[in-house]
Amino acid sequence: MTQLMGRPIVEVPGELGARPVLADVLTGVRTALLGLAVVAVPVLGLWVVTPFADDGAAGAVRLAGVLWLLGHGAPVLRGAADAPLTVTPLLLGLLVVAQLYRAGARVAARRGPRPRWSGPPAVWCGYCAVAVAVVAHCSGAGLFRARVLPDVLVVTVLAAAATAAGARTARRAGGGHGLSGVRRPASRWRVPARVPAWARPDGGAAAVRMAALAAGAGLVASGAAVLAVAAVVDAVDGSGQAMAALGVGPAAVAGLVLLSVALLPNAVVWGAAYALGPGFAVGEGTAVAPGGTVLGPVPDFPLFALVAEPGAGGWRLAACLLPALAGVAPALLLGRAAAEGATRPGARATDGRPSGAGAPWHPVATGVAVLAAALLTGAAAAVLGWLSGGALAGGRMAQLGPVPWWTGLAAAGWVAAVAVPGALLVRARALGRPWGGPLGGALARPTGRGVVAGGVIEGGTAEGGVADGRSGTEEPEAPMPTGAGTALAGIALVRTARVGTALAGRTRRAALLLRVRAYAVVLRLGTPDGGAGGTDGDGGAGATDGADGAVSAPGPAN
């Protein structure tokens, strides 16, 4: 058994190696049948354990086909009145997209005597052949009925998009199944040439995508947190409406649990819309939002039982804090990227740093990157809100889920409001630039050492001085004399010089002049023996170290 675990479930015959197109078509057929099996096995299992089944095995297979089509986002009709059913179980949709994506990556990475892009179209043809057969089987009379043209169109478009995405990933990765390999470096932002360089983040496309993914993950986590809190509240308050909606009997309980699991991602998206503020609808004329809930009669379904009771928001307004937390991750990512700048080979900063190090983004470019990530997040939230909703039946239940464009605007606004100032703050701290006005330099701790009149300065140059090659913005620390009677005066004068330097604009020349004058005043005050200076450091106020040109502290009095 251990030797069979690494082999695929359905192996393409070896004699098809000379006919790769046919092998790719069979790969598409296998992908469709595998997705059908994932849906059909639980449905047939429930049909077996149901004591009083109204339909036979053919009806169970038909129901599995309808659920498989719903997983693609295809609309179906329900009942004799042909009520629309357009709610997509997002868990089944994720499974379908993952299978098609992997199939496209596998055939694109396969080597053989065929054109470069012949594999994905062949997979698409095999998959669509199975889909057409399923639609034809489910289009007859019954409890659920497929709509031929819309269903075939939706399945073919989704299959083409997912397969092409997988093939493109495999080609870019240079082999494998599209899940590994070295990717090509991200290209520059394609912006008009008239846009100034300081307004575009150099090499920031990958950082923007990662920030948008992080923000989207934060919003999904917010929706999951809202759903978990609703379940806990339903269990703690003693009502137990969600458990009561499961019904009685093992078959009914198992069926509702499986259906709830398939719709669980939909509930998470609805929870995210609730946390964002716009909320969602459970029927026409209803609204479920932190500001208040307006409900009508709803079906007995476990997820519907978790909806908040009608009334004012109250403590439920605390859910609006969750999207603010979701904006922290993109702020950190883009703030660090703005401080580090471009990292592509061949990139050279404007301040003379080595090639590949990159230049920090301008604050305007940082804001542009954050806004781009916010727009991507808002677009993704709008699409998910549209996919998670739909119609459950005619009449009141024709409107379920969040309003897509309201959800997208709220998501983009929350991310931009939190991530723009957050990214600028992270950028400033990473670059070591203090915030504040003219006193900002005085609040920063100087780290260099310096000498006037021909000395060496680390972190800057003075008039007549020589720089050691390291850049800096803080003034060098001036040495303090230690003679008796001069300590307090020296401390006061040097501190006064520092504050005066900051208020004067923090220029190096002004700083050095003020400190030299303060030092001269301290020397005039004298030491206990009245010595004013010297060269050997024994009895004078100061000595000069000839090794490195630094002014040393005055020696103790004899």
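Values quoted throughout were computed directly from the atomic coordinates according to the rules given, and no laboratory measurement underlies them. Please read these numbers as outputs of a predicted model, since none were measured by experiment. Note: ideal-geometry Cβ built from the backbone for every residue, glycine included; neighbour counts use all protein chains shown.
Things worth noting here:
- Amide H contacts under 5 Å for VAL307, placed H, 5+ residues apart: none
- Positive minus negative residues near ALA136 (Lys, Arg vs Asp, Glu; Cβ under 13 Å): +2
- Neighbours of VAL123 by Cβ distance under 10 Å: Lys/Arg scored +1, Asp/Glu scored -1, total +1.
- Positive-pole candidate from ALA109, GLY35, ALA146, dipole of the stretch 14-173, charges at beta carbon: ALA109
- Couplings for the stretch 329-341, taken from phi via the Karplus curve 6.51 cos²θ - 1.76 cosθ + 1.60 with θ = phi - 60°, read 4, x, 5, 5, 5, 6, x, 5, 5, 5, 6, 7, x Hz in order; Gly and Pro are left as x.
- Here TRP68, TRP361, TRP405, TRP47 are placed in order of increasing Cβ neighbour count within 10 Å, fewest first, which gives TRP405, TRP47, TRP68, TRP361.
- Residue order, fewest to most beta carbons within 10 Å, for THR407, THR86, THR293: THR86, THR293, THR407
- Sequence of ASP24, ASP151 once ranked by neighbouring C-beta atoms within 10 Å, starting from the fewest: ASP151, ASP24
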